[in-house]
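Chemist: Structure incoming, see below.
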């Protein structure tokens, strides 16, 4: 039988009413929620867990997630008392706190060094599992006033076309969508306990139009030029246009890449699947977000390779389960942002 434990400080606990651990590629920090009686079965002492405490969730002695308690609460009556707490991994500080760097900008420095400079004061180490591309040379990479460390790093990561992820120790690493694969097949009638499918056209359009105002160069006598590119989603069979204003002065080529990416992302995120399976592991280990898995589901009429975007581990008196959220891989294929162009650079 799998042994689950919660470690807070030097103490190890079990006997909770329910435990949930959530990890996903759309949320940088892992989250944990625990509900329990205010006395643990093994020692019958009051639970000394408070906001700010460091916690570890272990499965068979191996750390699954770790971080800090954000909030603790207790509810009680004459006949019952219960305790709950929620927490997040160390990277939650990057989400909550301002980006602070004495110089305010970086030049001739790569993404890994920028991340290390911002993360080091929080006690967060940084690594990468993919090539992070060139250093930021011209222009420099600068902090924006008031942005969080997460927002700053998100800008830099997107400019290099990578995702930010958190490991089980709460440290940061860079990756690309779908970098891992799971050999276990998710199959209806086999390991899928329950499932649901959502297909939405609310944020999906038949025609995507992107525009930008680009400053003229010597060849255009300094005039401002309006550049427009379009992309079509053949899956939408009625008139549904949308217009996007580009946030950079891109060339026609870069605009086309940007509008194609917008179409692909919206089409990929429009279809979502959620499955519940037994336990927290597949045949080769823990279920992880940002991994590709084969799905064979006759009810949802899907037989394809999908991307696991979110993993919710749970354990309560009903059993031990994993809820998996899946989407098409192109929905998280991060599009690198080009550097701003000089006025003398050709527009095409």
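Chemist: State the extension gain, in nm to one decimal, for the chain segment bounded by residue 86 and residue 155, taking 0.36 nm per residue of separation less the distance between their alpha-carbons.
Modeler: 22.0 nm
Chemist: Further question on the same structure: What FRET efficiency comes out for the pair residue 283/residue 11, r = Cβ-Cβ distance, R0 = 30 Å, nearest 0.05?
Modeler: My answer for the efficiency is 0.35.
Chemist: Which value in deg cm²/dmol, rounded to the nearest 500, describes the helix-derived mean residue ellipticity at 222 nm for the chain, given -39,500 (n - 2.57) per DSSP H run of n ≥ 4 and division by the residue count?
Modeler: -4000 deg cm²/dmol
Chemist: Above 28 Å lies some portion of the pair distances; for the chain, what is it as a whole percent of all C-alpha pairs?
Modeler: Within the chain, distances greater than 28 Å cover 55 percent of Cα pairs.
Chemist: Here is a follow-up. Identify which of 315, 137, 160 has the largest mean-square fluctuation in a Gaussian network model of the chain, with springs joining Cα atoms closer than 10 Å.
Modeler: Greatest mean-square fluctuation among the candidates belongs to 137.
Chemist: What is the spin-label model distance, in nm, from residue 299 to residue 238 if the labels are put 7 Å beyond Cα along the C-beta direction?
Modeler: A separation of 2.9 nm, rounded to one decimal place.
Chemist: First measure r as the distance between the Cβ atoms of residue 245 and residue 37, then evaluate 1/(1 + (r/R0)^6) with R0 = 45 Å and state the FRET efficiency to the nearest 0.05.
Modeler: Taking R0 as 45 Å, the efficiency between residue 245 and residue 37 is 0.25.
Chemist: If you don't mind, there's one more thing I want to ask. Among rounded, prolate and oblate, which fits segment 93-175 when a ≥ b ≥ c are the square roots of the eigenvalues of its C-alpha gyration tensor, a/c under 1.5 means rounded, and a/b larger than b/c means prolate?
Modeler: Since a/c reaches 1.5 but b/c is at least a/b, the shape of segment 93-175 is classed as oblate.
Chemist: Kindly list the residues of segment 102-144 that lie in the label zone of residue 176, defined by a backbone N under 17 Å from the point 7 Å along the Cα-to-C-beta vector.
Modeler: 111-112, 128-135
Chemist: Right, next: How much of the DSSP beta bridge set in the chain is antiparallel, as a percent to the nearest 5?
Modeler: 85
Chemist: Additional query: What residue among 309, 184, 274 shows peak mean-square fluctuation when the chain is described by a Gaussian network model with Cα springs under 10 Å?
Modeler: Highest fluctuation of the listed residues: 184.
Chemist: As an exercise, use a Förster radius of 35 Å and the Cβ-Cβ distance of residue 318 and residue 200 to find the FRET efficiency, rounded to the nearest 0.05.
Modeler: That pair, residue 318 with residue 200, gives E of 0.75.
Chemist: If you wrap a convex hull around the Cα atoms of segment 4-89, how much volume per residue is inside, in Å³?
Modeler: Residue-normalised Cα hull volume stands at 93 Å³.
Chemist: Obtain the nm distance between the two label points defined at residue 101 and residue 125 by a simple spin-label model: each point lies 7 Å from its Cα along the Cα-to-C-beta direction.
Modeler: Computed distance between label sites residue 101 and residue 125 equals 2.2 nm.
Values quoted throughout were computed directly from the atomic coordinates according to the rules given, and no laboratory measurement underlies them. Because the structure is a prediction, the values reported are computed rather than measured. In this analysis, Cβ positions are derived from the backbone assuming ideal geometry, glycine residues included, and neighbour counts consider all displayed protein chains.
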